[in-house]
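Right, one structure below, let's go through it.
The values are calculated or read from the model by the stated rules, or taken from the named source; none is laboratory data. Here the structure is a predicted model, which means the values were calculated and not measured. So basically every Cβ, Gly included, is an ideal-geometry build from the backbone, and we count neighbours across all protein chains shown.
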Amino acid sequence: MNYINSYAHIKNNSVYVNGEQVFTYDKNATVNTFLSEAYHAINLVYPKFHKMDTLCKLGLLCAEFALQNNHFINEHHLQKTAIILSNSSSSLETDKLYQHSISDKNNYFPSPTIFVYTLPNIIIGELAIKHKITGENAFFITEKFDANLLVDYCETILNHNATSAICGWVELNENSYEAIIFLVEKKYHPDKNSIFKPLNQQIVTQIYNQT
Amino acid sequence: MISAIGNNVAESFLSLSHSKTGIGKINYLPTRYKDEFLAGEIKLSNTDLKDLVKDNSPDLNRNSYLAMLAAKEAVLHSGIDTKDGLRTGVISSTTVAGMGKTEMFYKEMFEKDDNLNVLDTHDCGDSTERIADYIGDVDYVTTISTACSSAANSIMLGCRMIKHGLLDRAIVGGVDALSKFTFNGFNTLMILDKEWCKPFDENRKGLNLGEGAAFLVIEGENALIKRNGKALSEIIGYANANDAYHQTASSPEGYGATLAINQAITMSGLTPQDIDYINMHGTGTPNNDLSESIATKKVFGNQVPKFSSTKAFTGHTLAAAASIEAVISTLSLQHQLIFPNLNFKTPITETHLVPVTALLKTPINSILSNSFGFGGNCSSLIFKKV
Amino acid sequence: MEVLIEKLKRQVIEQLNLVEVKPEDINPDSPLFGEGLGLDSIDALELIVLLEKHYGIKIEDPKDGKTIFQSLTTLAEYIKANGKS
């Protein structure tokens, strides 16, 4: 049996941790403004955040909200913490930005920083760099949020090498964005800030749909 | 497998055994860097590829054609029949996806939107779906996108799903076609070499981009026995770890690489001394080759096995690299041949490692294959002779 | 020279997205990489773009960046010696 320690869900300019809204901002604000405000709301001090593209900011922040006030990072052997993320649009919004920067022959100054983010698994890289997580990691492209895939994959690696996992969905496209991150552990170890529900497809789907 | 060294496995084997590189002048990709850089370009235009595929769909992108051709070759070669009732999965990977086509129409799309159907084939999952449709009777489909280690992760996932009884067999691998987007991007990172790349050489300057697709049919023992099939090699170990250092550079001490290599060897039940050959990631960049050399020395100490990077043949094919190298590793095991590390003259000062530089016939029982991607994603696979 | 350094401070902050840094926080003689501003290899590439975009100077070998980008002062001196605009 594996357990969901905590989760964070970001959508519609609001952040929910374990089902409770912990931060909300003007619904008409752009995603970048919202993320900037959320960064300050969580008292994050991480200058590298500002260099990231919107997708990485979204993924990192969602993870930070889930990890806040939680024993997860301190408790686990980070070599045995896996990161499994997924989305539908890959890094398309950043790809478009990059493409834009190389399309004008007369104003041709492609940005290496933007190019670096034209891969969806850089979100994993950023999380790993910040917390020094060196366990297994994978990024899947699926049409919709796939609870089955995440649960199955987590269970497989938790039966193999890992003792904990950070998994979820971080999606950004021109019309919408959404991120949900689950912190998963093998051991049953609840504390006042975590919920400790069993990891299974039904519960994950329920959690995803509740917001 | 289709790449700069051949349009199928047999052609590729000929090139490899004659030390004939596929890297050269760019003929088809309309990039501003055409005359400045070399690349491992497949010697076929998009029209040629469409004719080979003989698919009746409207014009697809280069990525999809390559994927379909390679996957079909793998299925035919394996002798499997997807209609036989066993559960077949397709696990593919790509980073470029439909970008090659989209970038051609990018500016136009702002003026008139009648070409929007081009976008239908843009996303990463499209080429995977095309493979599944082309082959038919596929029960499971998914796409992985973890940069240069993608195909290794596809192979790993296929193995796991078979091991856990979710599939009986899987067509696994990856594809990436050349695109202006990638050329521009790698150029802004200043890691391209204008000359032929020199993996593990002291004077290496960077990588040559390549394109290609490679797929393998992997089966569980039961499925193989049931249909009286014959295996070409066995996957006995695999591992993945994160370097947690930088978005695109590898840590100086090769931390993630060391973890992945060690864990793969542990899983295989072998010891480092049992590894006969390493097919290195060896892109030819100053950063990777040093980092990978250091990781190799950490794992193998003074007894580093024979090794080479085959990227001086194919170029760096990004999401296809690990599966192309899995095919090459299998060819090595079948023929007991190590293919050379081309363009090598001087060992790296800090590590003094010397690769195999001429075709070598030698007993090989097990091969370690490394693939390290942007985002710190490090994967290692171990293949065994059957 | 001071005018160039002040201009560079603003350009560097903008090009590298150093949102939490103000021009007055940057000591022109402090190292840009490692400690000081703590820039990394991708930032070095962005500085190469900055040199071309604003000063018409093209750097072919990224390794040259090590000496040129040691501090804002060395960068300003390089621009004074090689700049076209």
- [ ] Might you let me know whether region B:293-308 holds any residue that is surrounded by fewer than 21 Cβ atoms within 10 Å (Cβ to Cβ) and under 23 Å from B:GLY6 (Cβ atoms)?
- [x] no
Task: Residue check for B:LEU166: within 12 Å of chain A (Cβ to nearest Cβ), in a loop (DSSP other than H, G, I, E, B) and either within 30 Å of B:THR88 (Cα to Cα) or free of Cβ contacts under 8 Å to residues at least 40 places away in the same chain (or both) - done: yes
Task: Set B:GLY100, B:GLY125, B:GLY174: member being surrounded by 24 or more Cβ atoms within 10 Å (Cβ to Cβ), at pLDDT below 90 and within 14 Å of another protein chain (Cβ to nearest Cβ) - done: B:GLY100
TODO: Could you grab me the full set of residues in region A:7-37 that are crowded, with 17+ Cβ neighbours inside 10 Å, in contact (Cβ under 8 Å) with a residue 60 or more places away in the chain and assigned to a loop (DSSP other than H, G, I, E, B)?
DONE: A:ASN18
- [ ] Within region B:232-259, track down each residue that is among the small types (Gly, Ala, Ser) and facing chain A (nearest Cβ under 9 Å).
- [x] B:ALA239, B:ALA241, B:ALA244, B:GLY256
- [ ] Go through (1) over 20 Å from A:VAL116 (Cβ atoms); (2) at pLDDT 90 or above one by one and return the number of the condition C:LEU47 breaks.
- [x] (1)
Open item on the list: Take the residues in region A:70-102 that are among the polar types (S, T, N, Q) and over 17 Å from the mean Cα position of the chain (by Cα); name whichever of them is nearest to A:ASN18 (Cα to Cα).
Closed with: A:ASN74
Task: Matching residues, region B:201-216, being surrounded by 22 or more Cβ atoms within 10 Å (Cβ to Cβ) and either outside the structural domain of B:ILE135 (by TED's automatic domain parsing) or touching a strand residue (DSSP E or B) at 6+ places or on another chain (Cβ under 7 Å) (or both) - done: B:GLY206, B:LEU207, B:ASN208, B:LEU209, B:GLY210, B:GLU211, B:GLY212, B:ALA213, B:ALA214, B:PHE215, B:LEU216
- [ ] Go through region A:88-110 residue by residue and tally those that are crowded, with 23+ Cβ neighbours inside 10 Å and more than 9 Å from every other protein chain (Cβ to nearest Cβ).
- [x] 1
- [ ] Just need a number here: residues in region B:243-272 that are in contact (Cβ under 8 Å) with a residue 60 or more places away in the chain and closer than 17 Å to B:LEU381 by Cβ.
- [x] 11
Task: Wholly enclosed helices (runs of 4 or more DSSP H) of region C:27-85 bearing at least 2 residues closer than 16 Å to C:LYS9 by Cβ and touching a helix residue (DSSP H, G or I) at 6+ places or on another chain (Cβ under 8 Å) - done: C:41-55, C:72-82
- [ ] For A:GLY168, state whether it is under 15 Å from the mean Cα position of the chain (by Cα), more than 7 Å from every other protein chain (Cβ to nearest Cβ) and surrounded by 17 or more Cβ atoms within 10 Å (Cβ to Cβ).
- [x] yes
Open item on the list: Among the residues in region B:83-92, are any within 18 Å of B:ALA177 (Cβ to Cβ), without any contact (Cβ under 8 Å) to a residue 40 or more places away in the chain and under 19 Å from the mean Cα position of the chain (by Cα)?
Closed with: no
Open item on the list: I need a count of the residues in region C:1-26 that are surrounded by fewer than 14 Cβ atoms within 10 Å (Cβ to Cβ) and either in contact (Cβ under 8 Å) with a residue 24 or more places away in the chain or within 14 Å of chain A (Cβ to nearest Cβ) (or both).
Closed with: 6
Task: Of the criteria (1) outside any strand (DSSP E or B); (2) more than 14 Å from chain C (Cβ to nearest Cβ); (3) in contact (Cβ under 8 Å) with a residue 12 or more places away in the chain, which one A:LEU85 fails - done: (1)
Open item on the list: For region B:353-366, give me each residue that is in a loop (DSSP other than H, G, I, E, B) and either of a type in the set (S, T, N, Q) or farther than 13 Å from B:PHE307 by Cα (or both).
Closed with: B:THR357, B:THR362, B:PRO363, B:ASN365
Task: The listed residue being crowded, with 19+ Cβ neighbours inside 10 Å and more than 17 Å from the chain's Cα centre (by Cα), out of A:PHE115, A:PHE140, A:PHE182, A:PHE196 - done: A:PHE115
Open item on the list: When you scan region A:146-162, do you find a residue that is buried (at least 24 other Cβ atoms within 10 Å of the Cβ), aliphatic (A, V, I, L, M) and under 27 Å from A:GLU93 (Cα atoms), even just one?
Closed with: yes
Open item on the list: Can you confirm whether B:ALA239 is closer than 24 Å to B:ALA312 by Cα and not assigned by TED's automatic domain parsing to the domain that holds B:VAL9?
Closed with: no
Task: Sole exception among (1) more than 14 Å from chain A (Cβ to nearest Cβ); (2) surrounded by 12 or more Cβ atoms within 10 Å (Cβ to Cβ); (3) of a type in the set (A, V, I, L, M, F, W, C); (4) without any contact (Cβ under 8 Å) to a residue 12 or more places away in the chain for C:ILE42, by number - done: (1)
Open item on the list: Quick check on my filter: what residues within region C:1-17 are at pLDDT 90 or above and assigned to a loop (DSSP other than H, G, I, E, B)?
Closed with: C:LEU16
- [ ] Would you check which residues across region A:134-152 are more than 8 Å from chain B (Cβ to nearest Cβ) and of a type in the set (Phe, Trp, Tyr) and list them?
- [x] A:PHE145
TODO: Those residues that are at pLDDT below 95 and more than 10 Å from chain A (Cβ to nearest Cβ), I need them from region B:143-163; list them, please.
DONE: none
- [ ] Filter region A:112-133 down to the residues that are charged (D, E, K, R) and out of contact with any Cys (no Cβ under 9 Å at 6 or more places or on another chain), then identify the one that is farthest from the other protein chains (Cβ to nearest Cβ).
- [x] A:LYS130
Open item on the list: It is to be established whether one or more residues within region C:68-83 are farther than 25 Å from A:SER36 by Cα, within 13 Å of the chain's Cα centre (by Cα), in contact (Cβ under 8 Å) with a residue 40 or more places away in the chain and within 14 Å of another protein chain (Cβ to nearest Cβ).
Closed with: no
Open item on the list: Can you pull out every residue in region B:183-201 that is assigned to a loop (DSSP other than H, G, I, E, B) and not aromatic (Phe, Trp, Tyr)?
Closed with: B:LEU189, B:MET190, B:ILE191, B:ASP193, B:LYS194, B:GLU195, B:CYS197, B:LYS198, B:PRO199
Open item on the list: Anything in region C:52-63 that is surrounded by 16 or more Cβ atoms within 10 Å (Cβ to Cβ) and more than 13 Å from chain B (Cβ to nearest Cβ)? List them, or say none.
Closed with: C:HIS54, C:TYR55, C:ILE57
Open item on the list: Tell me the residue from B:LYS306, B:LYS311, B:LYS345, B:LYS297 that is in contact with a Gly (Cβ under 7 Å, 6 or more places away or on another chain) and on the phi < 0 side of the Ramachandran plot, please.
Closed with: B:LYS311
